[in-house]
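S.K.: Quick one: structure below, then a few questions.
The values are calculated or read from the model by the stated rules, or taken from the named source; none is laboratory data. None of the values given here were measured: they were computed from a predicted structure. Glycine also receives a Cβ, built like all others from the backbone with ideal geometry; neighbour counts cover every protein chain displayed. Calculation scope for accessible area: heavy atoms of the full protein, side chains included, ligands and nucleic acids excluded. Shrake-Rupley method; radii C 1.70, N 1.55, O 1.52, S 1.80 Å.
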Amino acid sequence: MKKAVRNTLKTVTVILLSIVGLVFLSVGLILWITLTPPKITKLVNRVAQTYIPISFNANNIDLTLFKTFPEIGLEINNISLINPIPCAESDTLISIDKAIVAIDIKAFLKKKVNIRKAAIYGANANIFYNEQGESNISIFLSDTPTSNQDNDTEVSIDLKELTVKDLNLSYIDRLSEIEVYVTELGLYLDGKIDSDNIYGNLDLSIKQIDASINDTTNNDTTNNNTTISDNTLTNISLSNISASADGTFKEHQIKGNITLSSLLTKLTMGDIEAELSEFKIDIDANADTELEYGKGVVTFNSRLIELNIDSLTTILDNLGATFNTTADIRNNSIQGTVNAHAANLHANLFSTESSNLSNVATLSLNAISLYANGFINPDIMDGKVQIDINGERFKTAITAQDMNVSADTEKFHLGLSGYKEGDNISITPVLNSPSLRVAMNGDTYINHWPINISLPIKADTALNRINLNRGLFSINKQEVSISGNCHLYNSDNMALSAKMDINTCHIEQILAMIPDSFNPMTDGIKATGILSLQAAYNGQMVSGKMVVDNTSANILVKEFTLNYKDTITALSSNIEANLSHPSKSKTAQKNHLLDATLVASDLMVNVVDESLMSVKFNNINSFAQISDIPDSTLNIWASTIVKADFIEASIETISANLNNSYIDISMTPPSNSNDKSQFNLEFSCDSIQTAIGKALGANFGKISAQATAALDPIKEDLLLKWNPAVKVDLKNGSLDMLQIPVTLPHLMFDFSLGRFNISESRLLIGNSDISLTGDIYNIDAYLEKTGLLTGEMDFTSNYTDMTELLSIINVFGDTDNDEIDNKPLTEIANDTIDTADPFIVPMGVDFILNTNIAVMEFNNHQFNTIGGEITVKDGVVVLQELGFSSNTAQMQLTAIYKTPSRDNLYTGIDFHLLDIEIDELIDLIPSVDSIVPMLKSFDGKAQFHLAAETYMKANYEPKMPTLIGASAIEAKDLVIMDNKVFNTIKKNLFMSRNAENKIDSLSVELQVLRNKVDLYPFLIHMDKYKAVIGGRHNINKDLDCKYHISLTESPLPIRLGVNIEGSLNDIANNPFKHIKLSRCKYGTMYIPEKTNITDQRTLLMKQSISETLKKNVKQ
Amino acid sequence: MKKSLKILALSLIVTLFTLSGCFLDDDPEYDEALIYGKWYCKSIGLYYTFNSNYNGRYEDINGDGKNFKWTLIGDAIEIEAKGDNINVNAYETYIITSLNVAKMECYDRLDPKEKLIFIKQ
């Protein structure tokens, strides 16, 4: 209570007592001096001037006996106390229409004034303080002893009855800015008050009390030395107040009963407005006079309480509360209970941002009951409390911007239990509801689910230490337990620790609890499983910032199933994940890392889209570490190790099984600005089985691979950007994709941009074994276009079955494209020139492939010691003098392929077969039979030379104007086979039946120029016949030809010739139709003395071609 | 008698034709300078260029073709083409039947029945 109010009350009390004293004094004077009213009046006024230091005036003072019988009374009319001070609205301090005072006559006769009754009717009191603090009652507040102390009359109060009617009181304090107006105060006191005992009844009624207090607070601002005043105006108004009290104070015991009620009470203080309608307070108290033991019951009832604070309005109706308290100070015990109930509580929060009021939040509680009990030891302030609030219905709604949140329950229980014991405090708030519903923007988030919350908190009295021990959150039977500790060292530093525990949580129920508004995220997701989670946190709060010392989480899911729109399914009987921070790694570089482990006994993931993809793991165990995430993801240190007993993966018909696989991936950030992020990969597995459908499969044995990469973000090329280095060691591979077995016993290579080294590679394909080893250098310089890609590799084979290998290639090259098959060749060529993708020999490459094949089998021919060099340099591939030998033949091959441009490809070949059987030659090169059809009629050894070159289009179609080629076949001692052609020739030339089919020598030269194949005339000497054969056939659709055979020597007197003309197929089918006699065209060609200039030129050309070809043979 | 005369006359005719064939075998001479330059033969579809230094080139409209060396021996133009990268050579011989500054008629020696006409470009 403010000092001014206390002073005021003190002043009022002093004034009242002074008035009563004056009355008694008047009575005494009357009795003592004279009993006539004028005299009494005069006497009282004179005496009053003595006792009252201000102007006092009373009219018509008279003695009365009847009104105060059996006491003698003094009736005083029109009492007025005048004390004018500046600024006061009235000079009158007190005016009383009538006052009656009854005194004990017996005591009076003994010169004692004992007031037994007092009554005041129609009084007005005006107490005023001006702004200087001067008051019209200050004279009564001075400590100056009054003159009655010098009087020998003893004044005492033995009051049995006190009546006040129609008292109006105003209190105005300009200094403190307080105004209080009391209207029509009535009071009746019936009892006894003496020095030893007090007992009686009090009835009080006030029509109206209005009070206003203007609280001014000055705030000094140090910056600009200005003073800002905050004014808070408080208005209190009570109407129709009534109070009654009865009690006793005797024999060291106090008993009392007080009832206070008001019809309407209003309070406004700044933004706060409060209104109580029809409130009533009953107090029933019983205590000893030492106030060491007390017992009381306070009952409060109010029909309606309205409280408005700024934009918050609260209405509480039909509130009833009973406070039952027992205090036993000697036993250090105060205990009490509170029972309260209210019909409804409504609270509304309005928005004040716009002129249109709108609800921001509403709260509604129905049928609220509160029960609280507790005790306290006042000596050490230890105690215990238990509060329970129950309600039938709880409803709240919050509107903020575009968000509407509402919550309601059917029943609810709020509990609070706690105790203080020494320095320890324990408090446990509890919330229970069998059905809670929370909705936001029309979507239900909690759908009438049971909720239980219990937070057992322990702390010390200074709140330096706070502990939450197994706080429980349970919603829809899904339970989360939380524990935590907080240790406050100082205002800026505290230690924190927390644990969260989920024992069994059903994932399907959690999914069912996800609101419909999250449908786009959860639509189509079906999952089941039992989730357990343990999480822990230890850290500090330093200057408002959270510092994590360590955290950990353990997540266990059993019987896990997942189905996403029937496209993704996952199954696992047991998955466990652990996360911990910081890492347990001791490496300084890895400080503040996160460790993560994932262990699953089994895990299967299926993805069904346009195709089926499935991955299955058995006993997967993975461990990952990651550093803090700094400014760039490239600066993260990260490491992952994955182990799996078995991995089975498949995409449609493609499948792969990995046994006992191990993967270690790590990423190291750059140590300085010039360094690069490093990536490392280590992979191994005992075996891999892969398959494509049922026909194709590949198995590999033990595989180990190490790879590193250094990321250079500036580089654009993928390889340069990552600068990878890969080391692979693969054993016991096999391919089950062909009709012939393919195995890869060992492959070992080491790849880096500086050097790609294949140290071991061995491939067994059917009967063939192939090995490729060697080095390729300067891949980085080649990619950066600063240097040549160089390299030298060795292709070695002990045995190569080329026929078998080519059959594999044919299998891959088979096509079922009927549309292409049915098209003319020219159309196919035109179609494919634009879309053709020819092999372009790269520029900037200097590469050598050394071949060394011990034995090669091709078309039932065996070739030995095939050795040569394949070079790739500046867009040109050269197969340089690849030499080899068969059983009976030596062979050499030189080939060139270069690609100046996509539309201008070049190929050239120089091929020699020395000392080869003719049938073997035809077997090896079947096209020879087309060029020299009669060759198959011979048996013997020959030399075969072939050289040709052409430029080609993008689809490898020769550009005919550039085609040039020549071939030579030389043979001796040939035997003509007994075949159809020989018989025809023999018949047409009338050869003898015994003619030997032997030819001493044969020298055939032919050339290809553009689309013409010219067979230079060659001599055949057989029996008594000599014949020269020559001609041409064209490279066109029909391969039509014009050959001529001149019979230059025969038993006949004339020289004859035979023309063979027509398409090659027609000649083969019906030779007689195309063979016609003609003049002898080459009659003198091989008779030197008769040879003409034309024949000489022809023979010179023939010789030139032969010699040119033979020059290419490497000796 | 009549019969003997007929046989004699026939023998004379045969002898005449035989002798005339001997005359036909003599090769006519052509002015080599008339051959210099660029010619186009439609039936072959190639342009032939005969330079005075006995080098030449045949090529199609796309420029695909080959360089060659040529010589004129009597009425025969001998052309020797060689490989660019492979050591190989091939010949073709055209027998001139008519030559002037604008036109050359000839035939391939291995295909005398097909007349070739070269037009000077």
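S.K.: Return the residues of region A:684-700 that are under 27 Å from A:PHE623 (Cα atoms) and surrounded by 18 or more Cβ atoms within 10 Å (Cβ to Cβ); say none if nothing qualifies. So that I can check it myself, show each step before the final result.
M.R.: Within region A:684-700, the subset under 27 Å from A:PHE623 (Cα atoms) is A:684-690, A:700.
Hits for region A:684-700 are A:CYS685, A:ILE688, A:THR690, A:PHE700.
S.K.: Within region A:927-949, is even one residue within 14 Å of chain B (Cβ to nearest Cβ), open to solvent by 10 Å² or more (accessible area, probe 1.4 Å), at pLDDT 80 or above and under 30 Å from B:ARG57 (Cα atoms)?
M.R.: Yes, some residue in region A:927-949 is within 14 Å of chain B (Cβ to nearest Cβ), open to solvent by 10 Å² or more (accessible area, probe 1.4 Å), at pLDDT 80 or above and under 30 Å from B:ARG57 (Cα atoms).
S.K.: Which pairs do you get when a residue that is open to solvent by less than 60 Å² (accessible area, probe 1.4 Å), found in region A:784-803, comes within reach of a residue that is part of a loop (DSSP other than H, G, I, E, B) and small (Gly, Ala, Ser), reach meaning Cβ atoms under 8 angstrom, with the pair 6+ apart or on two chains?
M.R.: A:GLY787/A:GLY844; A:LEU789/A:GLY844; A:ASP801/A:GLY766
S.K.: Criterion first (modelled with pLDDT of 80 or more and either open to solvent by 60 Å² or more (accessible area, probe 1.4 Å) or more than 14 Å from chain B (Cβ to nearest Cβ) (or both)) does A:LYS987 satisfy it?
M.R.: Values: modelled with pLDDT of 80 or more: no; either open to solvent by 60 Å² or more (accessible area, probe 1.4 Å) or more than 14 Å from chain B (Cβ to nearest Cβ) (or both): yes.
Against the criterion (modelled with pLDDT of 80 or more and either open to solvent by 60 Å² or more (accessible area, probe 1.4 Å) or more than 14 Å from chain B (Cβ to nearest Cβ) (or both)), A:LYS987 does not qualify.
S.K.: Check off (1) open to solvent by less than 40 Å² (accessible area, probe 1.4 Å); (2) at pLDDT 85 or above for A:GLY374 and give me the number that stays unchecked.
M.R.: The single condition A:GLY374 does not satisfy is (2).
S.K.: In a strand (DSSP E or B) and open to solvent by less than 20 Å² (accessible area, probe 1.4 Å): is that true of A:LEU1047 in this structure?
M.R.: Values: in a strand (DSSP E or B): yes; open to solvent by less than 20 Å² (accessible area, probe 1.4 Å): yes.
Yes.
S.K.: Between A:PRO1053, A:PRO1017, A:PRO1088, A:PRO1071, which is touching a residue at least 40 places away in the same chain (Cβ under 8 Å) and surrounded by fewer than 16 Cβ atoms within 10 Å (Cβ to Cβ)?
M.R.: Numbers: A:PRO1053 fails: touching a residue at least 40 places away in the same chain (Cβ under 8 Å); A:PRO1017 fails: surrounded by fewer than 16 Cβ atoms within 10 Å (Cβ to Cβ); A:PRO1088 fails: touching a residue at least 40 places away in the same chain (Cβ under 8 Å).
That would be A:PRO1071, the only listed residue that is touching a residue at least 40 places away in the same chain (Cβ under 8 Å) and surrounded by fewer than 16 Cβ atoms within 10 Å (Cβ to Cβ).
S.K.: I would also like to ask the following. Please tell me if A:SER433 is within 31 Å of the chain's Cα centre (by Cα) and modelled with pLDDT of 90 or more.
M.R.: Values: within 31 Å of the chain's Cα centre (by Cα): no; modelled with pLDDT of 90 or more: yes.
No; evaluated as a whole, the condition is false for this residue.
S.K.: Would you confirm whether or not region B:94-108 contains a residue that is open to solvent by 70 Å² or more (accessible area, probe 1.4 Å), of a type in the set (S, T, N, Q) and within 30 Å of A:VAL877 (Cα to Cα)?
M.R.: Looking only at region B:94-108, we keep the residues that are open to solvent by 70 Å² or more (accessible area, probe 1.4 Å), and these are B:97, B:101, B:103.
Then keep just the ones that are of a type in the set (S, T, N, Q); that gives B:97.
Filter again for within 30 Å of A:VAL877 (Cα to Cα), leaving none.
No, region B:94-108 contains no residue that is open to solvent by 70 Å² or more (accessible area, probe 1.4 Å), of a type in the set (S, T, N, Q) and within 30 Å of A:VAL877 (Cα to Cα).
S.K.: While we're here: Do the conditions hold for A:SER95, that is, is it in a strand (DSSP E or B), modelled with pLDDT of 80 or more and either of a type in the set (S, T, N, Q) or open to solvent by 40 Å² or more (accessible area, probe 1.4 Å) (or both)?
M.R.: Values: in a strand (DSSP E or B): yes; modelled with pLDDT of 80 or more: yes; either of a type in the set (S, T, N, Q) or open to solvent by 40 Å² or more (accessible area, probe 1.4 Å) (or both): yes.
Considered against the rule, which asks whether it is in a strand (DSSP E or B), modelled with pLDDT of 80 or more and either of a type in the set (S, T, N, Q) or open to solvent by 40 Å² or more (accessible area, probe 1.4 Å) (or both), A:SER95 comes out as yes.
S.K.: While we're looking at this one, here's another question. What are the residue pairs meeting all of these: first residue in region A:907-920, first residue within 14 Å of chain B (Cβ to nearest Cβ), second residue among the polar types (S, T, N, Q), Cβ atoms under 6 Å, and 6 or more apart or on different chains?
M.R.: Within 6 Å, the pairs are A:GLY908/B:ASN85; A:ASP910/A:THR894; A:ASP910/A:ASN1112; A:HIS912/A:GLN892.
S.K.: Which of (1) closer than 15 Å to B:TYR48 by Cα; (2) of a type outside the set (S, T, N, Q); (3) at the interface with chain A (Cβ under 10 Å from one of its Cβ atoms); (4) in a loop (DSSP other than H, G, I, E, B) is the odd one out, the single condition B:VAL101 does not satisfy?
M.R.: Going through the list (1) closer than 15 Å to B:TYR48 by Cα; (2) of a type outside the set (S, T, N, Q); (3) at the interface with chain A (Cβ under 10 Å from one of its Cβ atoms); (4) in a loop (DSSP other than H, G, I, E, B), B:VAL101 breaks only (3).
S.K.: Please indicate, with yes or no, whether at least one residue in region A:1069-1080 is of a type in the set (A, V, I, L, M, F, W, C), assigned to a helix (DSSP H, G or I) and over 19 Å from B:TYR94 (Cβ atoms).
M.R.: Kept after step one, since they are of a type in the set (A, V, I, L, M, F, W, C), are these residues of region A:1069-1080: A:1072, A:1075, A:1077, A:1080.
In the following step, the residues that additionally are assigned to a helix (DSSP H, G or I) were identified as A:1072.
Applying the additional criterion that residues be over 19 Å from B:TYR94 (Cβ atoms) yields A:1072.
The answer is yes, given that some residue of region A:1069-1080 is of a type in the set (A, V, I, L, M, F, W, C), assigned to a helix (DSSP H, G or I) and over 19 Å from B:TYR94 (Cβ atoms).
S.K.: Those residues that are under 9 Å from the mean Cα position of the chain (by Cα) and either more than 8 Å from every other protein chain (Cβ to nearest Cβ) or among the aromatic types (Phe, Trp, Tyr) (or both), I need them from region B:81-97; list them, please. Step through it out loud before you land on a result.
M.R.: Quick first cut of region B:81-97, residues under 9 Å from the mean Cα position of the chain (by Cα) only: B:93-97.
Correct list: B:TYR94, B:ILE95, B:ILE96, B:THR97.
S.K.: Tell me yes or no: at least one residue of region A:1055-1066 is of a type in the set (Gly, Ala, Ser), in contact with a helix residue (DSSP H, G or I) (Cβ under 6 Å, 6 or more places away or on another chain) and more than 11 Å from chain B (Cβ to nearest Cβ). Don't jump to the end; show me each part of the working.
M.R.: Just the residues of region A:1055-1066 that are of a type in the set (Gly, Ala, Ser), to begin with: A:1057, A:1062-1063.
Next, from what is left, pick out any that are in contact with a helix residue (DSSP H, G or I) (Cβ under 6 Å, 6 or more places away or on another chain): A:1062.
Pick out the ones that are also more than 11 Å from chain B (Cβ to nearest Cβ) and you get A:1062.
Yes, region A:1055-1066 has at least one match.
S.K.: Which of the residues belonging to region B:30-71 are more than 13 Å from every other protein chain (Cβ to nearest Cβ) and acidic (Asp, Glu)?
M.R.: If the condition is that a residue be more than 13 Å from every other protein chain (Cβ to nearest Cβ) and acidic (Asp, Glu), then B:ASP31, B:GLU32 are the ones that fit.
S.K.: Identify the residue in region A:1020-1040 that is hydrophobic (A, V, I, L, M, F, W, C) and surrounded by fewer than 18 Cβ atoms within 10 Å (Cβ to Cβ) and, among all such residues, is farthest from the other protein chains (Cβ to nearest Cβ).
M.R.: Initial filter on region A:1020-1040 (hydrophobic (A, V, I, L, M, F, W, C)): A:1020, A:1022, A:1027-1029, A:1035, A:1039.
The next check asks that each one be surrounded by fewer than 18 Cβ atoms within 10 Å (Cβ to Cβ); those that pass are A:1035, A:1039.
Values: A:ILE1035: 13, A:LEU1039: 15 Å.
Here the residue is A:LEU1039.
S.K.: Cβ-Cβ distance below 7 Å, separation of 6 or more or different chains: which pairs start in region A:307-336 with a residue that is at positive phi and end on one that is at pLDDT 85 or above and open to solvent by 30 Å² or more (accessible area, probe 1.4 Å)?
M.R.: Between residues of region A:307-336 that are at positive phi and residues that are at pLDDT 85 or above and open to solvent by 30 Å² or more (accessible area, probe 1.4 Å), the close pairs are A:ASN318/A:ARG303.
S.K.: Moving to a separate point now. How many residues does region A:1081-1101 hold that are assigned to a loop (DSSP other than H, G, I, E, B), within 14 Å of chain B (Cβ to nearest Cβ) and either farther than 14 Å from A:GLY1031 by Cβ or out of contact with any Ser or Thr (no Cβ under 8 Å at 6 or more places or on another chain) (or both)?
M.R.: First, the residues of region A:1081-1101 that are assigned to a loop (DSSP other than H, G, I, E, B): A:1081-1087, A:1091-1092.
Keeping just the survivors that are within 14 Å of chain B (Cβ to nearest Cβ) gives A:1081-1085, A:1091-1092.
When the remaining residues are screened for being either farther than 14 Å from A:GLY1031 by Cβ or out of contact with any Ser or Thr (no Cβ under 8 Å at 6 or more places or on another chain) (or both), the result is A:1083-1084, A:1091-1092.
Looking only at that region, the number is 4.
S.K.: Got at least one residue in region B:111-121 being more than 10 Å from chain A (Cβ to nearest Cβ) and assigned to a loop (DSSP other than H, G, I, E, B)?
M.R.: Yes; the residues of region B:111-121 include at least one that is more than 10 Å from chain A (Cβ to nearest Cβ) and assigned to a loop (DSSP other than H, G, I, E, B).
S.K.: Run A:ASN78 past the list (1) buried (at least 17 other Cβ atoms within 10 Å of the Cβ); (2) part of a strand (DSSP E or B) and report the number of the one that doesn't hold.
M.R.: Only one criterion in (1) buried (at least 17 other Cβ atoms within 10 Å of the Cβ); (2) part of a strand (DSSP E or B) is unmet by A:ASN78, namely (1).
S.K.: Assess whether A:ILE380 counts as being in a strand (DSSP E or B) and β-branched (Val, Ile, Thr).
M.R.: On the way: in a strand (DSSP E or B): no; β-branched (Val, Ile, Thr): yes.
No; evaluated as a whole, the condition is false for this residue.
S.K.: Which condition number does A:CYS685 fail, the rest of (1) within 26 Å of A:VAL642 (Cα to Cα); (2) more than 40 Å from the chain's Cα centre (by Cα) being met?
M.R.: (2)
S.K.: Pairs please, first residue from region A:961-976 and facing another protein chain (nearest Cβ under 9 Å) and open to solvent by less than 10 Å² (accessible area, probe 1.4 Å), second anywhere and part of a strand (DSSP E or B) and of a type in the set (Val, Ile, Thr), Cβ atoms under 6 Å, 6+ apart in sequence or on different chains.
M.R.: Cβ pairs passing all conditions: A:THR962/A:THR950; A:GLY965/A:VAL1008.
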